[in-house]
Amino acid sequence: MIATGILLFALTAVIYPLYFVVIASVSEPSAIYEGRVWLWPQGFTLEGYQHILSDGRILRGFGNSLLYTVLGTTIAVGVTLCAGYALSRKDLPFRGFLMMLFIVTMFFDGGLIARYLVVKDLGMLNTIWAVVLPGAVGVWNLIIARSFFEQNIPQELMEASMLDGASDFRFFTRIVLPLSVPLIMLMTMTHMVAYWNSFFDALIYLQDDNLYPLQLILRNILIQQELTATAGTGSIDSYAAAQRTAELTKYAMIIISSAPLLIALPFLQKHFTKGALIGAVKS
């Protein structure tokens, strides 16, 4: 009984903030300030969503974010799986030294200026590659992938496939990858969330508004609304209207930016949970 109560309390603590954002996005800001929004919307309105969706930049930003997420996730998962499998092979020359080089990057960072200069020298400034490639390999995910392959792909299986004439590439694509579906789902979900929510790389490396992802466009819209509300138009009514629009826009932005991930998560949750457990508890 006590355990059930604790779980219900934890579930409420997690779900209610999400629910509150939903009802706040369709409620009057004055009702939120007065504390009248608890379980149901007060002063139902869709002005926040109408204001955002009427902006042509939103659709373009959504398409850019979708492109960055799909392309970035594909590259990141592919590179991580290949590197993790290679590092799991005991016959890889300098295996320990290469792993140490990856681990060092977890403790020492060249900093923003160094990363910017590298991206600039590679000619990736103001291109989609500046958003997709810098975060393609995460060392923590690489360690999880290596541990997964070491624990779940027996050496005897590789030797048997080699006796049948399979090459390393064929063994990896035909045997290793089909046995690694939970790991692939884990990597896919992790990178999908990271790329979809990412805006900092775009803020630093992109100058063309047409390349901005959804998160950066929503950020700019919110800043614009707040500046309009605080600019001082000389009229109290104008200030109140601008402040009201800014508040409605803020909650609607949270819903719009989070909805794609909330929709996709239930379909990947089973494999995601299994992959997280397998990759994390074994070393």
So, relative contact order of the chain in percent, Cα under 8 Å, 6 or more apart, is 31 percent
What are the ³J(HN,Hα) couplings of the range 43-52, residue after residue, when phi is run through the Karplus curve with 6.51, -1.76, 1.60 and θ = phi - 60°? Round to Hz, x for glycine and proline. x, 3, 7, 10, 5, x, 5, 5, 5, 6
Reduced to Cα centres, the span from the range 186-202 to the range 1-50 in Å works out to 27 Å
Most mobile listed residue (I263, I32, I217) in the chain, GNM with C-alpha springs under 10 Å: I263
Per 0.36 nm of contour for each residue apart, how much would the distance between T127 and R115 grow if the chain were fully extended, relative to their Cα-Cα spacing? 2.8 nm
Answer label for Cα Rg over 2.2 N^0.38 Å (calculated), chosen among (1) 1.03; (2) 0.95; (3) 1.27: (3)
Provide the packing ranking of 55-67, 12-24, 129-141, i.e. peptides ordered by the mean count of other C-beta atoms within 10 Å per residue, highest first. 129-141, 55-67, 12-24
Taking a label point 7 Å from the Cα of R174 along Cα-to-Cβ, the residues of the range 141-162 whose backbone nitrogen sits under 19 Å from it are 153-162
Expected output is a single nm value to one decimal: the length gained when fully extending between I254 and D208, i.e. 0.36 nm times separation in residues minus the C-alpha distance. What is it? 14.2 nm
Do the sum for the chain: with -39,500 (n - 2.57) for every DSSP H run of n ≥ 4, divided by all residues, what is the mean residue ellipticity at 222 nm, to the nearest 500 deg cm²/dmol? -24000 deg cm²/dmol
With the full set of protein chains in place, find how many percent of the accessible area of the chain is carbon and sulfur; take the probe as 1.4 Å. 70 percent
Rounded to 10°, Cα long-axis angle of helix 95-107 versus longest principal axis of the chain: 20 degrees
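Per-residue counts of other Cβ atoms within 10 Å, averaged by peptide: what ranking do you get for 145-158, 34-47, 177-190, highest first?
On the way: 145-158: 17.4, 34-47: 12.4, 177-190: 19.7.
Those peptides, ordered most packed to least, come out 177-190, 145-158, 34-47.
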Mind giving me the nanometre distance, one decimal, between the label points for V104 and L18, set 7 Å out from Cα along Cα→Cβ? 4.2 nm
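Rank these by accessible area, largest first, 1.4 Å probe: M192, M253. Walk me through the numbers on the way to the answer.
On the way: M192 40, M253 15 Å².
Largest to smallest exposure gives the sequence M192, M253.
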With a Förster radius of 30 Å, plug the Cβ-Cβ distance of L222 and Y33 into 1/(1 + (r/R0)^6) and report the FRET value to the nearest 0.05. 0.95
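The values are calculated or read from the model by the stated rules, or taken from the named source; none is laboratory data. It should be emphasised that the depicted structure is a prediction, and the values quoted were computed from it without experimental measurement. As a convention, Cβ positions derive from the backbone with ideal geometry for all residues, glycine included, and neighbour counts pool all protein chains shown. Only protein heavy atoms, including side chains, enter the accessible area calculation; ligands, DNA and RNA are left aside. Shrake-Rupley method; radii C 1.70, N 1.55, O 1.52, S 1.80 Å.
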